1. Would the range B:249-271 turn up any residue that is touching a helix residue (DSSP H, G or I) at 6+ places or on another chain (Cβ under 8 Å), over 20 Å from B:Arg113 (Cα atoms) and not acidic (Asp, Glu)?
2. Restricting to the range A:280-300, name every residue that is facing chain B (nearest Cβ under 8 Å) and within 21 Å of B:Arg278 (Cβ to Cβ).
3. Output yes when any residue across the range A:368-388 is modelled with pLDDT of 95 or more, under 18 Å from the mean Cα position of the chain (by Cα), under 18 Å from A:Met410 (Cβ atoms) and part of a loop (DSSP other than H, G, I, E, B), and no when none is.
4. What single numbered condition from (1) of a type in the set (Asp, Glu); (2) touching a residue at least 12 places away in the same chain (Cβ under 8 Å); (3) within 30 Å of B:His62 (Cα to Cα) fails to hold for B:Glu251?
5. Can you tell me which residue in the range A:1-24 is surrounded by the fewest Cβ atoms within 10 Å (Cβ to Cβ), limited to those that are closer than 30 Å to B:Gly157 by Cα and of a type in the set (D, E, K, R)?
6. Have a look at A:Gln49, A:Gln42 and point out the one that is modelled with pLDDT of 95 or more and among the polar types (S, T, N, Q).
7. Report yes if B:Gly205 is surrounded by 20 or more Cβ atoms within 10 Å (Cβ to Cβ), assigned to a loop (DSSP other than H, G, I, E, B), small (Gly, Ala, Ser) and touching a strand residue (DSSP E or B) at 6+ places or on another chain (Cβ under 7 Å), otherwise no.
8. Can you tell me which of (1) touching a residue at least 12 places away in the same chain (Cβ under 8 Å); (2) within 20 Å of the chain's Cα centre (by Cα); (3) at the interface with chain A (Cβ under 10 Å from one of its Cβ atoms); (4) part of a helix (DSSP H, G or I) is the one B:Arg334 doesn't meet?
2 protein chains.
Amino acid sequence: MAAMSKIATGNGHGENSPYFDGWKAYETNPFHPIDRPEGVIQMGLAENQLCFDFIKNWLIKHPEASLCTAQGVNKFKETALFQDYHGMPEFRQAVAKFMGKVRGDRVKFDPDRIVMSGGATGAHETVAFCLADPGDAFLVPTPYYPGFDRDLKWRTGVELVPVNCESSNDFKITRVALEAAYVKAQEANLRVKGLLVTNPSNPLGTILDRETLKNVVSFINEKNIHLIGDEIYAATVFMDPEFVSISEIIEEDGVECNRDLIHIVYSLSKDMGFPGFRVGIVYSYNDAVVSCARKMSSFGLVSSQTQHLIASMLSNDDFVDNFIAESKELLFKRHKYFTWSLSQVGISSLKSNAGLFIWMDLRKLLRENTFEAEMELWRVIINEVKLNVSPGSSFHCNEPGWFRVCFANMDDNTMAVALLRIRTFVLKNNEAMVPPRKLCRRSSLKLSLSRRMDDLMSPSIMSPHSPLPQSPLVRART
Amino acid sequence: MAAMSKIATGNGHGENSPYFDGWKAYETNPFHPIDRPEGVIQMGLAENQLCFDFIKNWLIKHPEASLCTAQGVNKFKETALFQDYHGMPEFRQAVAKFMGKVRGDRVKFDPDRIVMSGGATGAHETVAFCLADPGDAFLVPTPYYPGFDRDLKWRTGVELVPVNCESSNDFKITRVALEAAYVKAQEANLRVKGLLVTNPSNPLGTILDRETLKNVVSFINEKNIHLIGDEIYAATVFMDPEFVSISEIIEEDGVECNRDLIHIVYSLSKDMGFPGFRVGIVYSYNDAVVSCARKMSSFGLVSSQTQHLIASMLSNDDFVDNFIAESKELLFKRHKYFTWSLSQVGISSLKSNAGLFIWMDLRKLLRENTFEAEMELWRVIINEVKLNVSPGSSFHCNEPGWFRVCFANMDDNTMAVALLRIRTFVLKNNEAMVPPRKLCRRSSLKLSLSRRMDDLMSPSIMSPHSPLPQSPLVRART
């Protein structure tokens, strides 16, 4: 048959990753409280389901926000026909204002720099097409979102070079790590065109502090490379410290920055919980990038029907203020409940204050300190505990044993079932623990006895969150 | 400053074309009956505005089709969250059924082969990314839609090689022309990966007959190259002969075809008049292309809000049947009125039965038979007559003097004003015509005396549609 392209026949899409495999496992057997109570619970999807009652109430009171109501239908024709790639002025104004409000109104966004794209996925590809040629590279601190390989590399031919961050300092982006990645890229004959930072971080659920952001800005200015700030989780910061956007840093006194190097990727998929609506935004301080990205937006314009709805919703100050407050409140509560419940069975996670997930620390549960052992544990969790969580390796984490677990994509009941499964799993392995050597053959974990068993049994491995004198999970793995 | 990409700094987007310049001229001074009666009338936009009253009536009667009504709001959450790149099953079923109905139910489409993309623009790019590597080529019969250069070439690095069609046989796609283009591509060291045909044709407004389609299918099978059938104007065929889809040809007895080579690009932008909703479709008979295009659809998914509305609308048989009939009827009437009115002032066009435009023949008005003269005439039409029409050169037509004029993107009153302007322009030049040699200096056309003046004054140049013994336009140019 006639050949297809190298892109089509290659595997650059990155779908063959446990990150996506977990989704498939979920899709073939999705949990349902009545129809499929033994199904897989999806904890691999960073989805924000918590605010829909609030949104629904607003919608019913605002029929004019829809094109398909008696109150709104007179705008149907002009909206259905609207295809200007600049986007509707009222849409851009509303999004710019929302972006400002999400950042505490400490910074203003210019509606004329708002460029549409098909979700953050399309936004990242657009930025990559604008900034880099095939074979050029972006530096990306680890762990990072698995979809970046598809978004930034697949069709553009751009390379991603990891900036290795480590648990020893809570995965902080250091100047040393940045320089090391830069040198490594150069040694590989890659021209470094930019640095991509995700703030708040997916999968860490943490934010970049002011000092780190300043270091990042001075690094990219010294190297004269672009900075892409992925801020799609900006409104999910539910607890102090306060979120700091890259857009605030470059306006600070004493910060020297060539603004032509600064580009923000935004979206309403996470902050509002509308991934289906495909509202992706490129916000660039560089006029040429705005102009080029706008031309490229023809490939991923936001549906004018959706522009109209979003414009109505986000131009309403009361809605926005209350939505942001409500969302933070609900995320805070859910996060607190989830992390506290895990701590009850001895599971700890990186301290976080943002995002729709936690970065769960199961290092002590690994048979050995390898990614093979991480995958073994992951398979047990997905196949036996029936929870789809995502292993750190799929986020390019360079230390085995970390897992991203999403907590905002389910209702309270499903969350309770998930926590019950975790508890049962932990207790079952705990009970079966005596004698330890026997357990290791019988355990559903199928974990062999660790050479570090003595370490594990010592008090030093207790989770700081755990009230139990001996964590069942710790016992389970012995 | 840090370099941008070659794509960003090059001019492959193709925006520097009179096709888009005309839009800009319109945008800086758009006609409005009261506010800007002297503004430019947009006749360069293939937009279908005729059926909105029909659609509006249906919407008001079907509040459940919207997510933002009391009747529909219970589906808001699941829809806003829906991001599966397969698309909603009910959306794909409805679109597949609509595609069948538009083709007279002579052929069935499989919902599992419906792949979403951001409009036809995104669909074409997706197909190009799937089938061709940078430097590979597609053959495209001329004249063709100017946006193809952006859609298929810009970010993919693919080349388009024109198949030169000629007015002498009404721009028919012949085997000779196909072979010539194929050889030319080979001589330029381009690997030909496919042939792209637009049926019904934009800008011709004609359809490909069964014999031509069979020739096309045998050509691509012999060469073992892909065939992309752009059928985005399928429902705009308002008059006999009946539209024949490539999907019918490959199912015919006696037609040998490797179906893996066949791909259809579809959209609701023209057939339903919803360009703002960005519903683009790749329909491929090739499983690998379906699979790859679906992965790529992440960059241009249709908003789930829009999927929901389209699914509601197009799953309603009565709506679809009546809409298709209503649309054809209104296009037929508008086309008839427009072409008849032009014929009254001596302007003829290629005989057509489809599309939202006519291919107007102003060859006799050119100062000389060159594209420079075509551009001179175009500038007069846009700057003095204040009509944005699109010159043939922007469609890669290889004969000067043809212009695409859109007739379905305006209301009856605006159409009347446009026709009045044409009439005034023609008559003014007609009155000022005596003596001819004097006119040529005074004429608002600023056309110099043609070497072919004698030819022009002969009866042979009369439009067959024109009842006038001597066309004023013809006189005007002497």
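The values are calculated or read from the model by the stated rules, or taken from the named source; none is laboratory data. Source: prediction; values computed, not measured. Note: ideal-geometry Cβ built from the backbone for every residue, glycine included; neighbour counts use all protein chains shown.
1. Yes - at least one qualifying residue is present in the range B:249-271.
2. Across the range A:280-300, the qualifying residues are A:Cys292, A:Lys295, A:Met296, A:Ser298, A:Phe299, A:Gly300.
3. Among the residues of the range A:368-388, not one is modelled with pLDDT of 95 or more, under 18 Å from the mean Cα position of the chain (by Cα), under 18 Å from A:Met410 (Cβ atoms) and part of a loop (DSSP other than H, G, I, E, B), which makes the answer no.
4. Here B:Glu251 clears every test but (3).
5. Result: A:Lys6.
6. Going through A:Gln49, A:Gln42 in turn, just one is modelled with pLDDT of 95 or more and among the polar types (S, T, N, Q): A:Gln42.
7. The answer is yes for B:Gly205.
8. For B:Arg334, the exception is condition (3).
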